[in-house]
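Accompanying notes for the structure given below.
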Amino acid sequence: MLGDFDLVVFLRDFFRELGLSGSLSVFLETVIIVIIVGVLSWLSYILARLFIDKVIATIIKRTKFKWDDIFFENKVFTRLSHFAPAVVIYLMAGWALEPYPGWLEFVRKLTFIYMIIAGILFLFSFVNAWHKIYLTLPISQHRHIKGYLQLLNIFIGVVAGLIMISVIFEKDVTTLVAGLGAMAAVIILIFRDTILGLVASVQLSANKMLRVGDWITIPSRGTDGTVLDITLNTVKVQNFDKTIITVPTYALAQESFQNWTGMEESGGRRIKRAVYIDIRSIGFLGKEQIDKLKKIQILKEYIAKKEQDLKDFNEKHNIDNSVLVNGRRMTNVGTFRAYINAYLKQHPKIRNDMTFLIRQLPVSEKGLPIEIYVFSSDQEWANYEAIQADIFDHLLAVVHEFGLRVFQNPTGDDFKLLTNR
């Protein structure tokens, strides 16, 4: 440090020749050296950034390895440049502030705290980069780790905070940790949601209950949309009306929610809706009605086979056909069910390889429900709704051809007509 010593001697001699007092000379000498150290620390930062932005960036761009690109994009290397000025100041502070030991201790503490903060930022960027790398792996589609990484960031922040407090107050870290142990109840209360979120994240991930991109429904919270993000404390969902709602992560582990991923992966989307038939319109089909329905192409084969089956049964059992309730006969509602079945079997947008049911439900005050339980091959919402609407448009239009009526509660016009009579 001969050059440094010469500079100090030169400055002291120079100020004494100007006739300044010893204390003032020392002060001005210190100011100049501090400025020099400040300039050197600034230059070290500039050189570090140039090295990272030019040399390191060029090397990374030339490599075929993608992980280093992710580290660079997340400023992992850039964060390291903040250590350069801190190291310069920390090492040269003793030379610059030698006459002022109190200020020297303060500057060194401040510099050390700055390095801790720079280290925290570096580790945060490093963890974030690893998360993005993880998202490129196939396993990330089934197991999310963002909650764990957030917990790791919290741990890093707590440890760094304890170190900074120990530096400022010159206390041992173990003493501070012991103090935190005594405040365990308060800490648990403060970090309650975080702890619950961690437990919920483990459950959701281990049981593969939820992942980003899933369509979920939570009726109790008015949620029906796509999962955008899963964090330690919240799950962000974009509803189909484009509103965004955040749900506590632990709520998904405690409450019931519906995940539509299985439906989406199956290749079909369920149609489950009923047509309510007025009970008073149900009856046996007469010969004229049967002859009329035979003209419906998709029913022709069914009716012919059904007529033969009924004829064979009635003849075998010597049924007296003069009474309608004797034997077996075709009904309008049964034939209508057969028509729905045949119509949907040939529908190009209905999957015949998945559950396919045309069934009667228990009679209610609304009549006899004929339920359609099938799957559409098109899962896109708008197309699915259009397919469903087209099917029921057609069925409601043809139901009268079978001598049936769709049940409908009386309206004001019905009461008005009854009054006029």
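A short reminder: the numbers here are calculations on the coordinates, not readings from a lab. Owing to the predicted nature of the structure, the values given are computational and were not obtained by experimental measurement. We place every Cβ from the backbone using ideal geometry, glycine too, and count neighbours over all the protein chains shown.
Quick notes on this structure:
- Sparse packing (at most 13 other Cβ atoms within 10 Å of the Cβ) combined with a DSSP loop state is found for the following chymotrypsin sites (Phe, Trp or Tyr not before Pro) in the range 28-110: PHE65.
- Pairs over the 32 Å Cα-Cα cut-off, from the set LYS287/LYS345; LYS132/LYS349; LYS66/LYS349; LYS311/LYS345: LYS132/LYS349; LYS66/LYS349.
- Gyration tensor over alpha-carbon atoms, the range 206-265, equivalent ellipsoid semi-axes in Å: 15, 14, 11
- Histogram of C-alpha separations across the range 240-279, 5 Å bin width, %: 5, 13, 12, 17, 18, 16, 8, 6, 4, 2
- Kirkwood radius and radius of gyration were both taken over the C-alpha atoms of the range 77-123, and their ratio Rg/Rh is 1.05.
- Within straight-line reach of LYS171, meaning a Cα separation under 16 Å, sit the following lysines at least 8 residues removed in sequence or on another chain: LYS109.
- Where the Cα pairs of the chain fall when distances are cut into 20 Å bins, in %: 16, 29, 22, 16, 10, 5, 1, 0
- Sequence-separation-based contact order of the chain, relative, with Cα cut under 8 Å and 6+ spacing, percent: 10
- When the P(r) is computed for the range 269-414, the part past 29 Å accounts for 24% of the Cα-Cα pairs.
- Helix 22-50 and the longest principal axis of the C-alpha atoms of the chain enclose an angle of approximately 40°.
- A cut-off under 14 angstrom between Cβ atoms defines the neighbours of THR78, and their net charge, with Lys, Arg +1 and Asp, Glu -1, is 0.
- Taking the longest Cα principal axis of the chain as reference, the axis of helix 146-169 is set at about 20 degrees.
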